[in-house]
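Q: If you scroll down you'll find the structure; I have some questions about it.
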């Protein structure tokens, strides 16, 4: 898989994304039901993520996770555990969770699904206008489970798509309050910009 790695900046210690999600999107007009149609060209990882999330093609999980591990794990060599970004939408199978589990397996470190949890439901982030409101809504929705033993931990948050960074910023804010966490790293499959 060809990737175009880019550093993503935020309140975390270090973050990287594999590639843009969409390379080009051309408006074609409206279909017979009045819905906009586009001719969209995605990056290889963007297409794999699209097929996973919106076409339920679970064969893309190892492909995406292996690419994250192969391309980005060198930047996070001190990470001793992986956590998936809590899902914003309930699905029978959570793509981010499964990608994170495979990344952790590849890196030979544990994946803790219950360290950072979403304790209350929130509206979809795309329905909240301001970035600050998104972050505040999520900070209030996230909670920490005290599941780590004594020590200082460097953690890697795995997410599927980096857009404004508000979800990752909120997660990082909440995780910084947990005294057992030292460094917070972020890896995403794709980015909007």
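Where a number appears in this text, it was derived from the coordinates with a stated rule and is not lab data. Since we're looking at a predicted model, the values are computed, not measured. Positions of Cβ are backbone-derived with ideal geometry, glycine not excepted, and every protein chain shown enters the neighbour counts.
Q: How would 142, 50 line up from fewest to most surrounding beta-carbon atoms within 10 angstrom? Present the calculation step by step, with values, prior to reporting the outcome.
A: On the way: 142 20, 50 17.
With the sparsest Cβ surroundings first, the list reads 50, 142.
Q: Quickly estimate the mean residue ellipticity at 222 nm for the chain, helices only: each DSSP H run with n ≥ 4 gives -39500 (n - 2.57), and the total goes over all residues, rounded to 500.
A: Working: 5 runs with 60 residues, N = 193.
Mean residue ellipticity at 222 nm (helix-derived): -9500 deg cm²/dmol.
Q: Here's another thing I want to ask about it. Could you order the peptides 2-13, 65-76 from most to least packed, using the average number of other C-beta atoms within 10 Å per residue? Mind showing how you got there, number by number?
A: Details: 2-13: 14.7, 65-76: 19.0.
Top of the packing list down: 65-76, 2-13.
Q: Enter the angle in degrees (range 0 to 90, nearest 10) between the Cα long axis of helix 166-176 and the first principal axis of the Cα atoms of the chain, meaning the one along which they spread out most.
A: Value to nearest ten degrees: 0.
Q: Return the label of the correct value of Kirkwood radius over Cα pairs in Å, as calculated from the structure shown, out of (1) 17.2; (2) 18.6; (3) 16.4.
A: (1)
Q: While we're on this one: Working from Cα positions, state the angle (0 to 90°, nearest 10) between the long axis of helix 60-72 and the longest principal axis of the chain.
A: 60
Q: What angle, in degrees between 0 and 90 and rounded to the nearest 10, separates the Cα long axis of helix 131-141 from the longest principal axis of the Cα atoms of the chain?
A: It is inclined by approximately 50 degrees.
Q: Could you please rank 185, 16, placing first whichever residue has the fewest other Cβ atoms within 10 Å of its Cβ?
A: Numbers: 185 23, 16 20.
By the 10 Å Cβ count, ascending, the order reads 16, 185.
Q: Under 8 Å for C-alpha pairs, at least 6 residues apart: give me the relative contact order for the chain, rounded to a whole percent.
A: Details: 361 pairs, mean separation 51.1, N = 193.
26 percent.
Q: Now, a different point. Looking only at the stretch 6-191, where both bridge partners belong to it, what percent of the DSSP beta bridges are antiparallel (to the nearest 5)?
A: Values: 12 of 32 bridges.
Roughly 40 percent of the DSSP beta bridges within the stretch 6-191 come out antiparallel.
Q: Full-extension gain between residue 121 and residue 53, please, as 0.36 nm times their residue separation minus the C-alpha to C-alpha distance. Kindly include the intermediate steps, with their values, before the conclusion.
A: Working: separation 68, 0.36 × 68 = 24.48 nm, distance 1.99 nm.
In short, 22.5 nm is gained.
Q: With the cut-off at 1.5 for a/c, could you classify the stretch 41-101 from its C-alpha gyration tensor as rounded, prolate or oblate?
A: Note, shape of the stretch 41-101 comes out oblate.
Q: Is the C-alpha gyration tensor of the stretch 64-174 telling us rounded, prolate or oblate? Criteria: a/c under 1.5 is rounded; beyond that, a/b larger than b/c is prolate, otherwise oblate. Mind showing how you got there, number by number?
A: Values: a/c = 1.78, a/b = 1.46, b/c = 1.22.
Prolate shape, in that a/c is at least 1.5 and a/b is the bigger ratio.
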